Amino acid sequence: MLGAELGNDAKPTGNARVLRLRIPPQPRFGKIVRDDVAAHAAGFGISATQLEDFLFAVGEAIANAIEHSGTASAIEFRCRVDAEKIVATVVDAGRGFRPSATTTTLPIGLTERGRGIPIMRACSDIFALRSVPGRGTAIVIGRYIRLRHEETSAAS
Ligand SMILES: Nc1ncnc2c1ncn2[C@@H]1O[C@H](COP(=O)(O)OP(=O)(O)O)[C@@H](O)[C@H]1O
Ligand SMILES: [Mg+2]
């Protein structure tokens, strides 16, 4: 686990648990962080589907910070989970960019590029993106934890 490798700072705060990691911008850390988050979220009643969506979104945010930030500085990662929701923030101190209309909708057809941010939006209940060219990018991704019976009644 990355926690063991880099100093996992997971603290219970009231009924919440917070995980903080500093991630070197190297591709291998994407999977390690997803595994750490899955372990961190255990015991809070998150269904497998919800967790899968959340990890998908988090993975895209980390992949972008690794791929596009253009800096060797560590990525700051934080994940807070309580009985109601799980929220992650991914902050890099890289080149930043100007979000445009193209970063809100999925590209048509087989286009490989430009899917990450639309996927993050689609897989989250809470989403915020702030990027300042020359300064860096911060992304917030959150999901409300629905109890199993709520999921069932929402689907019917
Ligand atoms: N952390 C980041 N730092 C700098 N640029 C970013 C960052 N995240 C996203 N971008 C910019 O937004 C674009 C869209 O991101 P995304 O939807 O994930 O598509 P993709 O990664 O396939 O290009 C990227 O191509 C990049 O130009
Ligand atoms: Mg991407």
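Modelled with pLDDT of 95 or more and either away from ligand 1 (no atom under 16 Å from the Cβ) or surrounded by fewer than 19 Cβ atoms within 10 Å (Cβ to Cβ) (or both): does that describe V18? Show your work before the answer.
Details: modelled with pLDDT of 95 or more: yes; either away from ligand 1 (no atom under 16 Å from the Cβ) or surrounded by fewer than 19 Cβ atoms within 10 Å (Cβ to Cβ) (or both): yes.
Here the answer is yes, as V18 does meet what is asked.
Within segment 70-101, the set of residues being of a type in the set (K, R), crowded, with 17+ Cβ neighbours inside 10 Å and farther than 18 Å from A38 by Cα is empty. Looking across segment 57-87, the residues that are within 12 Å of ligand 1 (Cβ to nearest atom) and either without any contact (Cβ under 8 Å) to a residue 12 or more places away in the chain or assigned to a helix (DSSP H, G or I) (or both) come down to A57, G59, E60, A61, I62, A63, N64, A65, I66, E67, H68.
Let me spell it out: the conditions are (1) within 15 Å of V90 (Cα to Cα); (2) within 14 Å of the chain's Cα centre (by Cα), and L51 meets all of them except one. Which number is the exception? Of (1) within 15 Å of V90 (Cα to Cα); (2) within 14 Å of the chain's Cα centre (by Cα), only one is false for L51: (1).
Would you confirm, using the coordinates I've provided, whether A38 is in contact (Cβ under 8 Å) with a residue 12 or more places away in the chain, away from ligand 2 (no atom under 14 Å from the Cβ) and out of contact with any helix residue (DSSP H, G or I) (no Cβ under 7 Å at 6 or more places or on another chain)?
Details: in contact (Cβ under 8 Å) with a residue 12 or more places away in the chain: yes; away from ligand 2 (no atom under 14 Å from the Cβ): yes; out of contact with any helix residue (DSSP H, G or I) (no Cβ under 7 Å at 6 or more places or on another chain): no.
It is false that A38 is in contact (Cβ under 8 Å) with a residue 12 or more places away in the chain, away from ligand 2 (no atom under 14 Å from the Cβ) and out of contact with any helix residue (DSSP H, G or I) (no Cβ under 7 Å at 6 or more places or on another chain).
Contact map, segment 136-156: residues that are at positive phi and at pLDDT 95 or above paired with residues that are hydroxyl-bearing (S, T, Y) and surrounded by 13 or more Cβ atoms within 10 Å (Cβ to Cβ), Cβ distance under 9 Å, separation 6+ or inter-chain. Pairs shown: G136/S69; G136/T71; G136/S73.
Within segment 110-147, restricting attention to residues that are in a strand (DSSP E or B) and either farther than 27 Å from G43 by Cβ or charged (D, E, K, R) (or both), which residue is nearest to ligand 1 (Cβ to nearest atom)?
Here is the first cut: in segment 110-147, the residues in a strand (DSSP E or B) are 126-132, 136-144.
This time we only want the ones that are either farther than 27 Å from G43 by Cβ or charged (D, E, K, R) (or both), so: 129-132, 136-138, 143.
Values: L129: 8, R130: 11, S131: 6, V132: 10, G136: 7, T137: 4, A138: 9, R143: 19 Å.
Only one residue tops the list, namely T137.
The values are calculated or read from the model by the stated rules, or taken from the named source; none is laboratory data. The shown structure was predicted, so the numbers you read here are calculated from the model rather than taken from an experiment. Because the Cβ atoms are built from the backbone with ideal geometry, glycine has one as well, and the counts that use them run over all protein chains shown.
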